[in-house]
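Below is one structure, written out as structure tokens, with a few remarks after it.
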Amino acid sequence: MRAQQITTQPPAPTSVVTQNFAAPEGWLTAIRWVGLTAFFGYLTVAAYALWRAIDGGVALAVLGVGLLVGYALADLISGIVHWGSDTFGRRTHPILGPLLVRPFRDHHVDATAITRESILELHGTNCFFSAPLLATAVHLVRPEAGAYGGLLLSGALVAMALGVLAAGQIHRWVHQARPPALIAPLQRLGLVISARDHEIHHGGEHTSHYCIVSGWWNEPLKRMGTFARLEGMLARRCGIPTTRHED
Ligand SMILES: [Zn+2]
Ligand SMILES: [Zn+2]
């Protein structure tokens, strides 16, 4: 079945899109390369360390729980970062503007631009921010028998990092007119976010459904009004204004 493509809302002013996707600053490219290199370097070491730490069925089960928890938390992290960028970010911030805010804000203007991004653009920043999770996992895992606490934490951190990396690709799939055939079953099973779920974010004022990995947190957070409450609390108690309508 052909996936419903989430396109653009409202129509794209080409000057904004071109400005932000055509020529990223040199330092941004460097950060993305550093992120990709560090991520896959640490991932290799972490995978080897986890492999050595698995000494039986119990260890395997503990690792499985850790991976599941980490994957669930990656979805929550993606939602918090996305919400923060959409709600409080500023394009003009010297560091976070190009790294986080512009990609999310530009994505609201031209939703399908994500389907044309290079691997470096799509994954570099996510790798940069999630590589420290893998480095921490490497230091926590212990090869000794029965060291299940470290194994659980390490598994969770590795899955969180992989989930953050996957966020870019999963997000791209929901905007593709024809995602790979194997993806539709994963979307139907709810293992990755579906176009229908993500469309709620693009179809409104971008005030809910920020999570872009599995989407497991979207409905609970919406029903509890978590982000709206946080916005109100930050405005009242800390005087932090939202920037959602600035650009
Ligand atoms: Zn999107
Ligand atoms: Zn958004």
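Annotations
- Reported count of residues in segment 196-245, each being closer than 16 Å to ALA167 by Cβ, within 15 Å of ligand 2 (Cβ to nearest atom) and among the small types (Gly, Ala, Ser), is 1.
- If you go through segment 213-246 and keep only what is within 14 Å of GLY89 (Cα to Cα), touching a Ser or Thr at 6+ places or on another chain (Cβ under 9 Å) and assigned to a loop (DSSP other than H, G, I, E, B), you end up with THR242, THR243, ARG244.
- Residue check for SER214: in contact with a helix residue (DSSP H, G or I) (Cβ under 9 Å, 6 or more places away or on another chain), closer than 24 Å to ALA113 by Cβ and without any contact (Cβ under 8 Å) to a residue 60 or more places away in the chain: no
- Looking at HIS206, HIS201, just one residue is assigned to a helix (DSSP H, G or I), within 16 Å of ligand 1 (Cβ to nearest atom) and closer than 16 Å to SER85 by Cβ, and that residue is HIS201.
- Applying a threshold of 6 Å to beta carbon distances and a minimum spacing of six or more residues, or different chains, the list of pairs starting in segment 145-161 at a residue that is outside any helix (DSSP H, G or I) and ending at one that is modelled with pLDDT under 95 and surrounded by fewer than 17 Cβ atoms within 10 Å (Cβ to Cβ) reads ALA145/ASP55.
- In segment 71-122, the residues that are over 16 Å from THR242 (Cα atoms), assigned to a helix (DSSP H, G or I) and among the acidic types (Asp, Glu): ASP75, ASP106, GLU121
- Selection count where residues are more than 15 Å from the chain's Cα centre (by Cα) and within 16 Å of ligand 2 (Cβ to nearest atom), scope segment 145-174: 0
The values are calculated or read from the model by the stated rules, or taken from the named source; none is laboratory data. Because the structure is a prediction, the values reported are computed rather than measured. No Cβ is skipped: glycine too gets one built from the backbone with ideal geometry, and neighbour counts run over all protein chains shown.
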